[in-house]
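Here the structure is laid out as structure tokens; the discussion comes afterwards.
The values are calculated or read from the model by the stated rules, or taken from the named source; none is laboratory data. These numbers were taken from a predicted model, which means no experiment stands behind them. Don't worry about glycine lacking a Cβ; one is built from the backbone with ideal geometry, like all the others, and counts go over all protein chains shown.
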Amino acid sequence: MTRLDFLNAPDRCIEAVDVPEWHTTLHVRSLTLHERQQLQKAIKGVEKLGGDGTIPVILACVSDENGNAIFHATDTEALENKNGMVLERLVRASLKVNGFDATAVEQAKNA
């Protein structure tokens with residue numbers, strides 16, 4: 001494999017998540033290194049204000065079937081008023097597709 005083959009190889013993953021409560025299927029996508037670093041910063045910022053990382057993970061990872069984000073920062077308040085169980089399902093799927101386990105999440109919080 002050449003350097004260019006490596007750099008141009010598709011390596012993003014997108015997984016479907018059934019959301020029967022909303023009568024739809026959403027998708028979660030794997031993040032690039034830069035996106036992961038941005039997400040870690042966002043989670044730290046939210047936690048300093050007493051929140052958790054649910055909304056930053058949703059904003060960063062929930063996508064359409066092509067990997068395009070479907071929620072934006074302007075959706076934060078609306079998302080905060082949605083079913084927490086559904087959001088948790090999306091967060092868990094997002095963490096899974098990005099290779100985070102409980103240990104990795106704690107390490108990211110403390111990095």
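Annotation for the stretch 36-46: at least one member residue is of a type in the set (Gly, Ala, Ser) and at pLDDT below 90. Against the test of being small (Gly, Ala, Ser) and in a helix (DSSP H, G or I), the options Ala60, Ala16 yield a single qualifying residue, Ala60.
Scanning the stretch 67-76 turns up at least one residue that is part of a helix (DSSP H, G or I) and hydroxyl-bearing (Ser, Thr, Tyr). Residues that are surrounded by 13 or more Cβ atoms within 10 Å (Cβ to Cβ), in contact (Cβ under 8 Å) with a residue 24 or more places away in the chain and over 10 Å from the mean Cα position of the chain (by Cα) within the stretch 44-79 comprise Lys44, Glu47, Gly67, Leu79, listed in sequence order. Residues in the stretch 20-57 that are touching a helix residue (DSSP H, G or I) at 6+ places or on another chain (Cβ under 7 Å), in a helix (DSSP H, G or I) and within 16 Å of Gly99 (Cα to Cα): Glu35, Leu39, Gln40, Val57. Within the stretch 43-59, the set of residues being farther than 21 Å from Val86 by Cα and of a type in the set (A, V, I, L, M, F, W, C) comprises Leu49 only.
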